[in-house]
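The values are calculated or read from the model by the stated rules, or taken from the named source; none is laboratory data. Just so it is clear, the structure is predicted and the values come from calculations on it, not from any experiment. Because the Cβ atoms are built from the backbone with ideal geometry, glycine has one as well, and the counts that use them run over all protein chains shown. Side chains are part of the model used for accessible areas, which takes the heavy atoms of the whole protein and leaves out ligands, DNA and RNA. Shrake-Rupley method; radii C 1.70, N 1.55, O 1.52, S 1.80 Å.
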Amino acid sequence: MKCIYCNVENDLTSSDIISYALTGAKLTKSFVCKQHNQYTNDTYEKKFIAGLDFYRNMLGLTTRDGKPIQYTADLTIGDLEIHDVKISDRQALYSPKDVVVGRDEQGKKVILAPQQRLEKFKNANYEIIDISDAMIHKTMSSDSFTNNEALHSIGKIAYEWYCYIHCIEEYIENKYEEIVSYILNNENREDIVTIVNDGRHYTPIDYCSEIGTNSFYEYDDSDGYRYVVFDLWNTIAYKVRICKSDLAAKIKYSKPVIALYQYRIDGSSRETIFAICQGDFNTELHLSTLNIKKLTLEEWSVFVKRLEKLGSTFILTLRSMFPKVRNIEANLSKFENGQIELAHLLDFEDSTTIGIIQVLNILYENRTSYNFSESFSKNIQNIFALNDTTLAMNQEQKRNFLLELKQLNQEGILIDYMKNGISIFYQIYQNEQEKNEDLL
Ligand SMILES: [Zn+2]
């Protein structure tokens, strides 16, 4: 084994092919030397990942020690606008252990904290505000996805994935010089990594992928080059030029059915097939791309719509639900003992928590039709009539469900209602674990 960037044989280290920060599914291989691993990490990936914190939080990805991802966003509270506020979850905003810091329109520092805390500051000028209807918002700018660091990180991911899939364990200069030079020399080129804006990609990928899933495939384009298409989270697809097409292998790659590799947020991965060419199979495939340097607002708005789905979609897997259910259970017992208020129990209207409470209840209501010999995802698809394991909840549905929960609380039956949902979840979880043990 040699480094796939420089052919050094010693000092190799395990490279995260898809950064841990972007996926639940680990994909690593020791085919990069320490120097080049560190170079790509320090030069591109750290900044690229930092720019995606908001989206990573929405997807429910966590830090390595399981904490929610912090991100910066803007806050509107009545007439007050506070910018660049660091937020990790809604609870941190409503009952901050520490102060929340941001800046106002003039760029002056603004501190948000419970009154008792601010009283400790002598001579401080403060204003009492009601934050019960504070709105967190974030401008989804294209920069995080199209800046130099983003494009080079994507180039690195695509090249390493290509080497991984083909068991390439060295640097083959005459084939991969262009992509490797782009990655290692921070080249400012516009033809290596581009963004796909072709419905022939997005239509079928939306059918066979779900929010949060990273998908990859390779194909030979009619322009004579071989590309890797990397679809980040089922939102934005990048087309990365890897090398010249290999004519001998061309037949294989110009078939309409392509192998699609998917790495999902819950840690699972799969290989499936992907039918990309619709219509005339005789014409060679050319996926159209955007000019990133001249990206218009109109072009970008299509991707904003796709990115918005990250925040209103739940990924219904036992793995992703388990920590949230544990959290709801812990809060429910505090609520029962009078230690916390209803607002805290409902996680200050956090969409994921509210969605999960609803899912638990639907599972409970349908408990007699739950088939324990089938997998959780199969059952979820039957009960919720879904094509995959993602469920979306819009603002209106959320509001209605919140009213329902408040009503149940007034009637004094909310605690039992939630306990029923939690208990059926644990029953399912335990059953699935036992089944998996049987497999081992
Ligand atoms: Zn190297």
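What to note about this one:
- Tally of residues being modelled with pLDDT under 90 and hydrophobic (A, V, I, L, M, F, W, C) across the stretch 276-306: 4
- Pairs, first free of Cβ contacts under 8 Å to residues at least 24 places away in the same chain in the stretch 1-17, second part of a strand (DSSP E or B) and within 8 Å of the ligand (Cβ to nearest atom), C-beta under 7 Å, six or more apart: Leu12/Val32; Leu12/Cys33
- Condition met for Lys156 (surrounded by 15 or more Cβ atoms within 10 Å (Cβ to Cβ), basic (Lys, Arg), more than 20 Å from the chain's Cα centre (by Cα) and modelled with pLDDT of 95 or more): no
- Identity of the residue in the stretch 62-82, part of a strand (DSSP E or B) and of a type in the set (S, T, N, Q), that ends up farthest from Met321 (Cα to Cα): Thr76
- Some residue of the stretch 238-251 being surrounded by 18 or more Cβ atoms within 10 Å (Cβ to Cβ), over 27 Å from the mean Cα position of the chain (by Cα) and at pLDDT below 95: yes
- Candidate set: the stretch 19-28, residues that are part of a loop (DSSP other than H, G, I, E, B) and crowded, with 21+ Cβ neighbours inside 10 Å; chosen: the one nearest to the ligand (Cβ to nearest atom): Thr23
- The stretch 300-329: number of residues that are over 15 Å from Asp206 (Cβ atoms), open to solvent by less than 20 Å² (accessible area, probe 1.4 Å) and among the aromatic types (Phe, Trp, Tyr): 2
- Among the residues of the stretch 316-341, those identified as within 25 Å of Ser269 (Cβ to Cβ) and not in a helix (DSSP H, G or I) are Leu316, Thr317.
- Out of Gln427, Gln397, Gln407, sole residue that is free of Cβ contacts under 8 Å to residues at least 40 places away in the same chain, within 18 Å of Glu329 (Cα to Cα), open to solvent by 80 Å² or more (accessible area, probe 1.4 Å) and not charged (D, E, K, R): Gln427
- Looking only at the stretch 1-17, residues that are assigned to a loop (DSSP other than H, G, I, E, B) and crowded, with 21+ Cβ neighbours inside 10 Å come to 4 in all.
- Residue that is farthest from Ser320 (Cα to Cα), among those in the stretch 362-419 that are more than 29 Å from the chain's Cα centre (by Cα) and polar (S, T, N, Q): Gln410
- Applying the criterion of being away from the ligand (no atom under 16 Å from the Cβ) and not in a helix (DSSP H, G or I) to the residues of the stretch 29-57, the residue that is most open to solvent (accessible area, probe 1.4 Å) is Gly51.
- Pairs are defined by a Cβ separation below 8 Å, a sequence spacing of at least 6 or placement on different chains, a first member in the stretch 352-369 that is free of Cβ contacts under 8 Å to residues at least 40 places away in the same chain and farther than 14 Å from Phe401 by Cβ, and a second member that is in a helix (DSSP H, G or I) and open to solvent by less than 50 Å² (accessible area, probe 1.4 Å); the pairs so defined are Asn366/Ile383; Ser369/Ile383.
This table checks each residue for (1) assigned to a loop (DSSP other than H, G, I, E, B); (2) of a type in the set (Ser, Thr, Tyr).
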{"site": "Val101", "(1), (2)": "no, no"}
{"site": "Gly107", "(1), (2)": "yes, no"}
{"site": "Ile111", "(1), (2)": "no, no"}
{"site": "Arg117", "(1), (2)": "no, no"}
{"site": "Ile129", "(1), (2)": "yes, no"}
{"site": "Ile136", "(1), (2)": "no, no"}
{"site": "Lys156", "(1), (2)": "no, no"}
{"site": "Tyr159", "(1), (2)": "no, yes"}
